[in-house]
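Asker: Pasting in a structure now, in structure tokens, and then I'll have a few things to ask.
The values are calculated or read from the model by the stated rules, or taken from the named source; none is laboratory data. Owing to the predicted nature of the structure, the values given are computational and were not obtained by experimental measurement. FYI the Cβ positions are ideal-geometry reconstructions off the backbone, even for glycines, and counts take in every protein chain you see. For the accessible areas, the whole protein counts, side chains as well, though only heavy atoms, and no ligand, DNA or RNA atoms are used. Shrake-Rupley method; radii C 1.70, N 1.55, O 1.52, S 1.80 Å.
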Amino acid sequence: MEQHLSLAHSETLKDLECSKCDETYPHTVPQNVCTACGKPLLARYALEQLAGTWTRDSLLTRPASLWRYGELLPISDPQDIVTLGETMTPLIHAERLGARFGLTEVWVKDESRLPTGSFKARGLAMAVSKAKSLGLTQLAIPSAGNAATALALYAAAAGMTAHIFMPQDTPTFNKETCQLAGANVTLIDGLINDAGRIVAERKADEGWFDVSTLKEPYRVEGKKTMGFELAEQFGWELPDVIIYPTGGGTGIVGMWKGFAELEAIGWIGKKRPRFISVQSTGCAPIVKAWEEGATEATPWRDAQTVASGLRVPQAIGDFLILEAIRKSNGAAIAVTDDAIREAMQLLPTTEGILTCPEGAATVAGLKQLVAKGMIRPSERVVLFNTGGYQS
Ligand SMILES: *Cc1c(COP(=O)(O)O)cnc(C)c1O
């Protein structure tokens, strides 16, 4: 496993800080949310120290994996790393797709190449590695699907037990892969939020550690590496627009945090991409909050969409997603399931890239943004294809 690691480095993770009230917590014991206000905790690093000592050139000799950014990751002992080979994902210039919309700089960050079938691998690789370093063995998760598969596989690789709670109508791929990996799976009559409630109620009695996204501080650290890769792959010049299919919003929160860290250590400048959050009209709590100018979202009722990863009626990090959208001059838009189904063909037919429904939602989102005049022809736009196609 160690060959995947960039290098042994001294500990740069300082502590965990509440994203709302600035309360701090040690990272040396298991932590969930802020005990004072219930909001997510975020990892803080010794950025001043890194600014003077860590150089972009140091990456040149490191393996093409998310672990190459070790100094800004929460794992300090290489022995703790649980890896399935988290390759850097390709950033593909989608010229033919772009031409369809009169754009010259459309790019696809193809996360389907990651282990476990989706980009949830980034977050769970980090969370399970950190859990290992803390001596945890029983991990519980509520999931809309892909996070369950990722936890089941990383927990298996670490010799831990995964306790999974997800909706009955979660895609077959996710149900089957969790079973194959030997996880304890409970299918519930409800959605991810209902699953989250069950985990919260039972975890103390059962001795489970809750790895719900943003209720566990390190999945977001894994997801921020999408932003690091993007910056590096574009030669440390961020794109103009990022179109991101948003469920729990961990990717937006993570990339926003990651960009701030890169600026703090002097690797990038002030420029930020406009974050465009795409949801389905069948579950669009962030879009509704955005349109109403609210700083928090209200729970979405009767959530339904073909893009299961977007079926998140309530996100604990809602205020952080909305803040990143606002501060980046972005927007939140909704696309219909019909538009998503139609868009499923666009990347395969123009670029040869198969997409998951969530990835297709970004293509449908692009179409809408162009129709509304929200993207200029030469602007550099990145679409996130967050997972692989599953029949
Ligand atoms: C979970 C998931 C999303 C949503 O990601 P967040 O960062 O939680 O908003 C999008 N696409 C796929 C395929 C997913 O599994």
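Asker: Would the range 176-190 turn up any residue that is at pLDDT below 95 and either in contact with a Gly (Cβ under 8 Å, 6 or more places away or on another chain) or not in a helix (DSSP H, G or I) (or both)? Quick ask: steps written out before the conclusion?
Answerer: Narrowing the range 176-190 to residues at pLDDT below 95: 190.
Filter again for either in contact with a Gly (Cβ under 8 Å, 6 or more places away or on another chain) or not in a helix (DSSP H, G or I) (or both), leaving 190.
The answer is yes; a qualifying residue exists.
Asker: While we're here: Does Ile243 meet the test of being in the same structural domain as Gln79 (by TED's automatic domain parsing), farther than 30 Å from Pro78 by Cα and either modelled with pLDDT of 95 or more or open to solvent by 30 Å² or more (accessible area, probe 1.4 Å) (or both)?
Answerer: Working: in the same structural domain as Gln79 (by TED's automatic domain parsing): yes; farther than 30 Å from Pro78 by Cα: yes; either modelled with pLDDT of 95 or more or open to solvent by 30 Å² or more (accessible area, probe 1.4 Å) (or both): yes.
Yes.
Asker: On to the next question. Determine whether the range 185-195 contains at least one residue that is outside the structural domain of Ala131 (by TED's automatic domain parsing), more than 15 Å from the ligand (Cβ to nearest atom) and open to solvent by 10 Å² or more (accessible area, probe 1.4 Å). Spell out how you get there, then give the answer.
Answerer: From the range 185-195, those outside the structural domain of Ala131 (by TED's automatic domain parsing) are none; that's our starting set.
Within the range 185-195 (the criterion being outside the structural domain of Ala131 (by TED's automatic domain parsing), more than 15 Å from the ligand (Cβ to nearest atom) and open to solvent by 10 Å² or more (accessible area, probe 1.4 Å)), the answer is no, since none of the residues qualifies.
Asker: Going by the conditions given, is Asp210 among the acidic types (Asp, Glu) and surrounded by fewer than 21 Cβ atoms within 10 Å (Cβ to Cβ)? Before you say what the answer is, go through the steps one by one.
Answerer: On the way: among the acidic types (Asp, Glu): yes; surrounded by fewer than 21 Cβ atoms within 10 Å (Cβ to Cβ): yes.
So Asp210 fits the description; yes.
Asker: Using the structure shown, decide if Pro74 is surrounded by fewer than 21 Cβ atoms within 10 Å (Cβ to Cβ), modelled with pLDDT of 95 or more and either more than 16 Å from the ligand (Cβ to nearest atom) or within 26 Å of Thr177 (Cβ to Cβ) (or both).
Answerer: Details: surrounded by fewer than 21 Cβ atoms within 10 Å (Cβ to Cβ): no; modelled with pLDDT of 95 or more: yes; either more than 16 Å from the ligand (Cβ to nearest atom) or within 26 Å of Thr177 (Cβ to Cβ) (or both): yes.
Taking the combined requirement at face value, the residue does not satisfy it.
Asker: If you don't mind, another one. Being at pLDDT below 95, assigned by TED's automatic domain parsing to the domain that holds Ile242, more than 19 Å from the chain's Cα centre (by Cα) and not polar (S, T, N, Q) narrows it down to one of Leu5, Leu47, so name that one.
Answerer: Unique residue meeting the criteria: Leu5.
Asker: Considering only residues that are open to solvent by 70 Å² or more (accessible area, probe 1.4 Å) and either away from the ligand (no atom under 13 Å from the Cβ) or assigned to a strand (DSSP E or B) (or both), which ones fall in the range 329-373?
Answerer: The initial filter retains those residues of the range 329-373 that are open to solvent by 70 Å² or more (accessible area, probe 1.4 Å), namely 329, 338, 341-342, 345, 349, 354, 367, 371-372.
Correct list: Asn329, Asp338, Arg341, Glu342, Gln345, Thr349, Lys367, Ala371, Lys372.
Asker: Right, another one. Part of a loop (DSSP other than H, G, I, E, B) and of a type outside the set (Gly, Ala, Ser): does that describe Trp290? Write out each step before concluding.
Answerer: Details: part of a loop (DSSP other than H, G, I, E, B): no; of a type outside the set (Gly, Ala, Ser): yes.
Judged against the criteria, Trp290 is not a match.
Asker: So which of Ala147, Ala140, Ala157 is more than 16 Å from the ligand (Cβ to nearest atom) and open to solvent by less than 10 Å² (accessible area, probe 1.4 Å)? So that I can check it myself, show each step before the final result.
Answerer: Numbers: Ala147 fails: more than 16 Å from the ligand (Cβ to nearest atom); Ala157 fails: open to solvent by less than 10 Å² (accessible area, probe 1.4 Å).
Only one candidate qualifies: Ala140.
Asker: When the residues of the range 231-244 are filtered to those that are closer than 12 Å to Phe275 by Cβ and not in a loop (DSSP other than H, G, I, E, B), which remaining residue is nearest to the ligand (Cβ to nearest atom)?
Answerer: It comes out as Tyr244.
Asker: Do we have Thr298 as out of contact with any helix residue (DSSP H, G or I) (no Cβ under 7 Å at 6 or more places or on another chain), more than 11 Å from the ligand (Cβ to nearest atom), of a type in the set (Val, Ile, Thr) and open to solvent by 10 Å² or more (accessible area, probe 1.4 Å) here?
Answerer: On the way: out of contact with any helix residue (DSSP H, G or I) (no Cβ under 7 Å at 6 or more places or on another chain): no; more than 11 Å from the ligand (Cβ to nearest atom): yes; of a type in the set (Val, Ile, Thr): yes; open to solvent by 10 Å² or more (accessible area, probe 1.4 Å): yes.
For Thr298, the condition - out of contact with any helix residue (DSSP H, G or I) (no Cβ under 7 Å at 6 or more places or on another chain), more than 11 Å from the ligand (Cβ to nearest atom), of a type in the set (Val, Ile, Thr) and open to solvent by 10 Å² or more (accessible area, probe 1.4 Å) - is not met.
Asker: Using the structure shown, decide if Gly38 is within 22 Å of the chain's Cα centre (by Cα), on the phi > 0 side of the Ramachandran plot and at pLDDT 95 or above. Break it down stepwise before answering.
Answerer: Details: within 22 Å of the chain's Cα centre (by Cα): yes; on the phi > 0 side of the Ramachandran plot: yes; at pLDDT 95 or above: yes.
Yes: the conditions hold for Gly38.
Asker: To continue, here is another question. Filter the range 160-175 for residues that are surrounded by fewer than 20 Cβ atoms within 10 Å (Cβ to Cβ) and either in a loop (DSSP other than H, G, I, E, B) or small (Gly, Ala, Ser) (or both) and give the result.
Answerer: Hits for the range 160-175 are Met160, Gln168, Asp169.
Asker: Would the range 247-262 turn up any residue that is away from the ligand (no atom under 16 Å from the Cβ), surrounded by fewer than 17 Cβ atoms within 10 Å (Cβ to Cβ) and either of a type in the set (Asp, Glu) or not in a loop (DSSP other than H, G, I, E, B) (or both)? Steps first, answer last, please.
Answerer: Step one: list which residues in the range 247-262 are away from the ligand (no atom under 16 Å from the Cβ), which gives 260-262.
Checking which are surrounded by fewer than 17 Cβ atoms within 10 Å (Cβ to Cβ) leaves us with 260.
From what's left, either of a type in the set (Asp, Glu) or not in a loop (DSSP other than H, G, I, E, B) (or both): 260.
Scanning the range 247-262 turns up at least one residue that is away from the ligand (no atom under 16 Å from the Cβ), surrounded by fewer than 17 Cβ atoms within 10 Å (Cβ to Cβ) and either of a type in the set (Asp, Glu) or not in a loop (DSSP other than H, G, I, E, B) (or both).
Asker: Quick one: Lys203 ticks every box in (1) assigned to a helix (DSSP H, G or I); (2) within 19 Å of Gly248 (Cα to Cα) bar one, so which box is it?
Answerer: (2)
Asker: If I filter the range 212-230 down to residues being among the basic types (Lys, Arg) and in a loop (DSSP other than H, G, I, E, B), which single residue comes out as nearest to the ligand (Cβ to nearest atom)? It would help to see each step written out before you state the result.
Answerer: Applying the first criterion (among the basic types (Lys, Arg)) to the range 212-230 yields 215, 219, 223-224.
Those still in the list that are in a loop (DSSP other than H, G, I, E, B) too: 215, 224.
On the way: Lys215: 12, Lys224: 11 Å.
If we take residues in the range 212-230 being among the basic types (Lys, Arg) and in a loop (DSSP other than H, G, I, E, B), then Lys224 is nearest to the ligand (Cβ to nearest atom).
Asker: What pairs can you find where one residue is in the range 44-65 and hydrophobic (A, V, I, L, M, F, W, C), the other is outside any helix (DSSP H, G or I) and open to solvent by 40 Å² or more (accessible area, probe 1.4 Å), and their Cβ atoms are less than 7 Å apart, with a gap of 6+ or different chains?
Answerer: So the pair list comes out as Ala46/Lys14; Ala51/Gly266; Ala64/Thr87.
Asker: Condition (residue is open to solvent by less than 30 Å² (accessible area, probe 1.4 Å), touching a residue at least 12 places away in the same chain (Cβ under 8 Å) and not assigned by TED's automatic domain parsing to the domain that holds Ile353) applied to the range 107-114: is it met by at least one residue?
Answerer: no
Asker: Does Thr83 satisfy the criteria of being at pLDDT 95 or above, open to solvent by 40 Å² or more (accessible area, probe 1.4 Å), assigned by TED's automatic domain parsing to the domain that holds Gly70 and of a type in the set (Val, Ile, Thr)? Before the answer, list the steps.
Answerer: Details: at pLDDT 95 or above: yes; open to solvent by 40 Å² or more (accessible area, probe 1.4 Å): no; assigned by TED's automatic domain parsing to the domain that holds Gly70: yes; of a type in the set (Val, Ile, Thr): yes.
Judged against the criteria, Thr83 is not a match.
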